[in-house]
1. Would you tally the residues in the range B:247-263 being among the basic types (Lys, Arg) and more than 9 Å from every other protein chain (Cβ to nearest Cβ)?
2. So, B:Val226, is that one out of contact with any strand residue (DSSP E or B) (no Cβ under 7 Å at 6 or more places or on another chain), of a type in the set (Val, Ile, Thr) and touching a residue at least 60 places away in the same chain (Cβ under 8 Å) or not?
3. Being within 13 Å of B:Arg285 (Cα to Cα) and touching a Ser or Thr at 6+ places or on another chain (Cβ under 8 Å) is the filter here, so list the residues in the range B:179-194 that pass it.
4. Filtering the range B:146-201 down to residues that are outside any helix (DSSP H, G or I) and of a type in the set (Gly, Ala, Ser), which residue is surrounded by the most Cβ atoms within 10 Å (Cβ to Cβ)?
5. Report, by residue number, each residue of the range B:253-265 that is in contact with an Asp or Glu (Cβ under 7 Å, 6 or more places away or on another chain) and crowded, with 17+ Cβ neighbours inside 10 Å.
6. What number of residues in the range B:131-150 are of a type outside the set (Lys, Arg) and touching a helix residue (DSSP H, G or I) at 6+ places or on another chain (Cβ under 8 Å)?
7. Exactly one of these conditions fails for B:Gly189: (1) facing chain A (nearest Cβ under 10 Å); (2) free of Cβ contacts under 8 Å to residues at least 12 places away in the same chain. Give me its number.
Amino acid sequence: VEKKARIEIDVFSGRPNPAWDLGPEQVRALAQLIQTPHERIAAPPAADGLGFRGFVVTFHNGDVERLRVMGGIVDDGHGAFRDADRRIEAFILTAMPADLRQQFSDVLPH
Amino acid sequence: MTSTVTLHVFSGLPNPTWQLTPQQDDELSQRLAAADAITSTRPSGVLGGLGYRGFSISRAADHAQGPMTLHVHEGVIDRGFLQPNVTDPVLETWLAGTGANAVHPDVQSFVASRIALKASEPFTHGLAAPAHCPQNHAHDAPPYQPGKWNIPTVQPYNNCYNYANDHITNTFAQPGRAHGKQAQQMACGPVETGAIADGLKPVANFHAPLAAGHGWYVALVIWPNVDYHWYRQDNVGCWSHKPGSTAARNWDNANHPIADPKTCNRGPYTVFCTYMVTTRHVVIR
């Protein structure tokens, strides 16, 4: 089964969060970034508040795997790991459609 | 035999005690297993005192998971001297809900207000003066019960509008959608129009008395052209909210209790639109 990935910007309160699907090449590249060995740390407190709360990455390949990318930390549901040099976050920002990047430029990480 | 819960609140009368249903007992096990944030704090209720002093939970030797005694108070699960204590900010609210049939409604309201007070306490640090909640004038104002909302089967599927209306639909309800009037623009007018179609009524402030059956106060704010957000006034007088699919809370973006959504820290939701009144008759989807 081909692996698919959807990225949600966890940012809204009332409306459903904006989201987009990655292309096959992007899915492979992101999966590779995530599978690279990382420093494991304790899971951070749950994201909260009004405004940007991180990116939620959902992989589908039969099973569903969900991760939250926020502030240099990736919470994979079993704890968390450091996103060294924020490479995963930078990849997501680069892969984001231009209209979303423009709409949320005030609240997204730079 | 399932777990027995005792609410420690009385001085003269026997404290209310009740037995969890098998389903509640299973949920309690899940909640206890999930609580793993260790703390060195001990809840003051284990030492006694007057007023609300927390809950004790006991399991007899014939319980499927063996005997156990715990005390839950001030967001801390006291597990005795052999195990470290752990925190759980919502367990007391959940336990209070399990005793709805065993505890007088007046006592339930009192306990809910004490739990809410403690929940907001950590966020008063740094304030010039202790936060004071304004008076609640709405008879039907809901209690602050984050435990009802912050569970996996509810939290992701219900938003600020569900929470403000105190109505779990699991549809991420949108103002006006139930009546074909969903806002197309993220501005005060269209979102308010949608809410009015659902049955909410705009009001100038939250000071007028609302008798039983006449609902409670909510407030609409806007992130211009992007999104909307709702707050509700709880029966303790302070306000609470649920940002999107995240946990319900009674503090603002600056970690302060919310005396008035018009003046609290709302992050990017910079435009205050209006206070409104919602009721149990409002239909949302």
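The values are calculated or read from the model by the stated rules, or taken from the named source; none is laboratory data. Quick caveat, the model's predicted, so the values are computed rather than measured. We place every Cβ from the backbone using ideal geometry, glycine too, and count neighbours over all the protein chains shown.
1. 1
2. No.
3. Hit for the range B:179-194 is B:Lys181, nothing else.
4. Among those that are outside any helix (DSSP H, G or I) and of a type in the set (Gly, Ala, Ser), it is B:Ala173.
5. Across the range B:253-265, the qualifying residues are B:Ile258, B:Cys264.
6. The total comes to 7.
7. Only one criterion in (1) facing chain A (nearest Cβ under 10 Å); (2) free of Cβ contacts under 8 Å to residues at least 12 places away in the same chain is unmet by B:Gly189, namely (1).
Condition check ((1) at the interface with chain A (Cβ under 9 Å from one of its Cβ atoms); (2) under 19 Å from B:Ser113 (Cα atoms); (3) under 20 Å from the mean Cα position of the chain (by Cα); (4) not basic (Lys, Arg)) across all residues:
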residue: B:Leu210; (1), (2), (3), (4): no, no, no, yes
residue: B:Trp239; (1), (2), (3), (4): no, yes, yes, yes
residue: B:Ser245; (1), (2), (3), (4): yes, no, yes, yes
residue: B:Gly267; (1), (2), (3), (4): yes, no, no, yes
